[in-house]
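In what follows, a single structure is set out as structure tokens and then discussed.
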Amino acid sequence: MTTQRTSGRRKQAFAAAAAVAALLTTAACGGGGDDNKGSSTGAAGFDAANNKVAQASLAKKGGTLKFGAAQDADSWDTTRGYYGMMWNFARYYSRQLVTNKAEPGAAGAEITPDLATSTAKVTDDGKTYTYTLRDGSTWEDGKPITSKDVKYGIERVWAQDVLSGGPTYLKDVLDPTGAYKGPYKDTSADKLGLKAIDTPDDKTIVFHLPQANSDFEEMLALVSASPVRQDMDTKSKYGLKPFSSGPYKFASYAPGKDLKLVRNTNWKQASDPVRKAYPDQISIQFFSDANQLDQRLISGDLDLDLNQTGMSPQGRTTALKEHKANLDNPVSGYIRYAVFPQSVKPFDNIECRKAVIYGADHVSLQTARGGPVAGGDIGTNMLPPSVPGSEGQKYDPYQISGADKSGNEAKAKAALKACGQPNGFKTTIAVRNNKPVEVATAQSLQASLKKIGIIAEIDQYDGSQTTGIIGSPSNVQKKGYGIIIMGWGPDFPSVQGFGLPLWNSKYIAQSGNNNYALIKDKTIDGLFSSYVTTLDDAGKTKIATEINHKVMEGAYYLPFVFERFLNWRSDNLANVYTTDGYSGQYDFVNLGLKNPKK
């Protein structure tokens with residue numbers, strides 16, 4: 001997923017990043033604030049909710065859980081939403097056949113039954129998935145949720161002309177030839193003409209995959225697989241007031257201003273093994289100024305940040321000094337990096353690509369991103385720590401976090417000589433103009449490359465036009481973008497959910513391209529083909545590791561950081577923990593309040 005998936009990136013200027021670097025380093029060593037233990041009156045303590053549950057037994061029924069956000073969702077329509085915080089929040093009003101476990105850390109990335117009585121019964125060599133719906137699951141008007149509702153909700157993914165924006169994995173896997181045209185163009189009387197899904201009765205749903213895919217159940221756990229009832233489908237307007245299958249329903253929504261959920265009185269706890277539904281109401285207030293949002297969090301007016309992308313530098317500085325016990329510092333699941341399009345000379349030569357990797361000052365790049373606490377650990381490869389098969393910093397083929405942490409001029413110059421550019425060369429770094437932290441990263445890279453004779457211009461482009469600028473290989477070549485600054489996180493925690501759009505040659509597109517390096521490697525493509533048909537976890541993990549090694553051996557990327565965030569939780573927040581299921585965000589679904597009357 002792109003940065004868009006967890007949008008509302010912190011507003012981080014270069015000067016601010018540099019100014020707080022020393023403070024952040026100190027904080028990482030335990031300075032600043034009181035790391036008090038959890039109590040019924042105070043905060044839980046620094047990192048108390050990072051991959052573990054803080055204030056678990058203190059959650060009470062009732063009250064209003066108050067979110068703040070610097071940016072609204074891309075859409076609250078379960079088919080169209082692609083921001084990570086939207087997927088997390090949407091489970092308040094939508095259910096799926098299966099979902100992520102409501103548990104901290106790595107366990108949160110595992111799949112558990114939701115509307116279904118169990119995970120799939122898989123037959124036919126991994127090509128048939130059968131589910132039975134549990135009793136008592138109803139819509140907000142009390143009518144039962146049926147298998148046809150689930151099928152129709154999934155069919156909406158095919159209506160990309162009306163409902164664009166969300167993930168299309170289910171469409172690609174169930175109908176790779178694009179034969180079905182979606183429910184709005186469906187000529188069958190019941191608008192349920194997708195042949196890959198059978199609904200023999202209201203409680204049974206059967207998926208027939210043309211080819212096995214070992215991550216299919218992870219795809220069904222995305223909110224894009226939520227049921228939608230035909231008679232309540234308002235098509236392009238559905239995101240303004242989705243019809244609830246979960247414990248809460250929309251009471252009011254003013255886009256960009258506020259959103260309010262109230263209890264769905266027809267939801268039954270007995271029908272839902274996942275959701276505890278502690279609060280009576282859930283509110284979101286949207287802010288145009290990230291600093292104002294941080295002030296409201298610190299003052300106790302709000303419980304947490306919906307966007308889950310870390311506090312801005314100003315708020316972060318205050319929080320670390322005075323309220324450290326309210327902070328968690330999770331690994332986000334994102335990698336920030338530079339990528340080298342092979343269509344732009346001299347990056348068609350692997351040695352020229354290696355010269356940039358060796359010549360970069362990795363400590364400076366980390367500092368530009370916010371330091372060890374707000375930026376993350378120095379990235380050494382391209383597979384996030386949350387993805388099975390990742391070896392974290394242990395896999396460091398270019399000694400990025402070792403002896404060459406600040407760059408290796410000798411190795412860089414040897415690589416330049418090997419690629420026929422002994423005196424260096426000129427190139428252009430492309431970076432989004434609405435991402436100050438990325439501009440800071442580009443400036444850091446520019447400075448370190450200058451030392452080895454690579455002169456890099458920085459071209460800031462309109463970040464809202466990414467699809468047609470860096471997403472267009474012809475434009476990248478025309479502009480001479482030899483280096484592109486970008487970031488990516490998994491749609492679901494697997495090498496397919498992370499790397500397929502980046503590294504598989506089939507995903508090279510003329511617009512909206514994400515395989516910026518234009519990787520056409522038969523070995524990598526073959527490993528992905530093997531991965532999707534490998535059904536045992538150990539085998540999948542082994543292949544994921546092999547894919548990462550092949551990508552790094554090709555020197556297509558310069559990783560910057562395994563990103564970390566510094567996120568706020570209020571004194572009043574209970575049953576709070578970060579989860580790998582949502583890229584290190586707090587798991588929203590079972591948050592509660594210690595004092596509901598506060």
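The values are calculated or read from the model by the stated rules, or taken from the named source; none is laboratory data. Model, not experiment: these values are computed from the prediction. Neighbour counts are summed over all protein chains in view; Cβ atoms, including those assigned to glycine, are modelled from backbone coordinates with ideal geometry. Each accessible area value is taken on the protein alone, full model and side chains, heavy atoms only, with ligands, DNA and RNA left out. Shrake-Rupley method; radii C 1.70, N 1.55, O 1.52, S 1.80 Å.
Brief remarks follow.
- Region 101-130 residues that are within 20 Å of residue 587 (Cβ to Cβ) and of a type in the set (S, T, N, Q), paired with ones that are part of a loop (DSSP other than H, G, I, E, B) and open to solvent by less than 60 Å² (accessible area, probe 1.4 Å) (beta carbon under 6 Å, 6 or more apart): 112/101
- Residue within region 350-357 that is in contact with a Lys or Arg (Cβ under 7 Å, 6 or more places away or on another chain), open to solvent by 10 Å² or more (accessible area, probe 1.4 Å) and touching a residue at least 60 places away in the same chain (Cβ under 8 Å) present: no
- Among the residues here, residue 78 does not qualify as assigned to a loop (DSSP other than H, G, I, E, B), within 27 Å of the chain's Cα centre (by Cα) and surrounded by fewer than 22 Cβ atoms within 10 Å (Cβ to Cβ).
- Selected residue (criterion: modelled with the lowest pLDDT) from residues of region 514-537 that are over 24 Å from the mean Cα position of the chain (by Cα) and not in a loop (DSSP other than H, G, I, E, B): 533
- Qualifying residue in region 379-395 (condition: within 27 Å of residue 105 (Cα to Cα), touching a Ser or Thr at 6+ places or on another chain (Cβ under 6 Å) and of a type in the set (D, E, K, R)): no
- Whenever a residue of region 409-428 is touching a residue at least 24 places away in the same chain (Cβ under 8 Å) and part of a loop (DSSP other than H, G, I, E, B), its partners that are among the aliphatic types (A, V, I, L, M) and open to solvent by 20 Å² or more (accessible area, probe 1.4 Å), lying with C-beta atoms within less than 7 angstrom and at least six residues away or across chains, give the pairs 424/455.
- Residue satisfying all of: in region 452-479; assigned to a loop (DSSP other than H, G, I, E, B) and open to solvent by 20 Å² or more (accessible area, probe 1.4 Å); modelled with the lowest pLDDT among these: 462
- Residue match in region 219-238 (condition: acidic (Asp, Glu), closer than 30 Å to residue 536 by Cβ and open to solvent by 10 Å² or more (accessible area, probe 1.4 Å)): no
- Reported count of residues in region 288-311, each being surrounded by 19 or more Cβ atoms within 10 Å (Cβ to Cβ) and either within 17 Å of residue 573 (Cα to Cα) or in contact with a strand residue (DSSP E or B) (Cβ under 7 Å, 6 or more places away or on another chain) (or both), is 12.
- Counted residues, region 110-166 - those being open to solvent by 10 Å² or more (accessible area, probe 1.4 Å), part of a strand (DSSP E or B) and touching a Pro at 6+ places or on another chain (Cβ under 9 Å): 3
- A search for C-beta distances below 6 Å between a residue of region 465-493 that is free of Cβ contacts under 8 Å to residues at least 40 places away in the same chain and any residue that is open to solvent by less than 20 Å² (accessible area, probe 1.4 Å) and not in a helix (DSSP H, G or I), counting only pairs 6+ apart in sequence or on different chains, returns 469/461.
- Complete set of residues in region 562-595 that are basic (Lys, Arg) and under 22 Å from the mean Cα position of the chain (by Cα): 564, 569
- Answer from 316, 336 - the residue that is of a type in the set (Lys, Arg) and modelled with pLDDT under 95: 316
- Search result, residues across region 560-573 that are crowded, with 24+ Cβ neighbours inside 10 Å and more than 21 Å from residue 87 (Cα to Cα): 560, 561, 562
- Inclusion of residue 433 among residues that are more than 33 Å from the chain's Cα centre (by Cα), of a type in the set (S, T, N, Q) and either open to solvent by 60 Å² or more (accessible area, probe 1.4 Å) or under 30 Å from residue 511 (Cα atoms) (or both) is not warranted.
- If you go through region 81-109 and keep only what is open to solvent by 10 Å² or more (accessible area, probe 1.4 Å), at pLDDT 95 or above and in contact with a helix residue (DSSP H, G or I) (Cβ under 6 Å, 6 or more places away or on another chain), you end up with 100, 101.
- Residues of region 522-543 that are open to solvent by less than 30 Å² (accessible area, probe 1.4 Å) and among the basic types (Lys, Arg): 540 alone.
- Checked against the criterion of being under 21 Å from residue 345 (Cα atoms), small (Gly, Ala, Ser) and in contact with a Lys or Arg (Cβ under 9 Å, 6 or more places away or on another chain), the candidates 440, 418 yield just one match: 418.
- Taking region 317-359 as the range and being over 30 Å from residue 49 (Cα atoms) and in a loop (DSSP other than H, G, I, E, B) as the test, the residues that pass are 340, 341, 342, 343, 344, 345, 346, 347, 348, 349.
- Residue 491 surrounded by fewer than 21 Cβ atoms within 10 Å (Cβ to Cβ) and not aliphatic (A, V, I, L, M): no
- If you go through region 383-407 and keep only what is assigned to a loop (DSSP other than H, G, I, E, B), at pLDDT 95 or above and under 20 Å from residue 354 (Cα atoms), you end up with 383, 395, 396, 397, 398.
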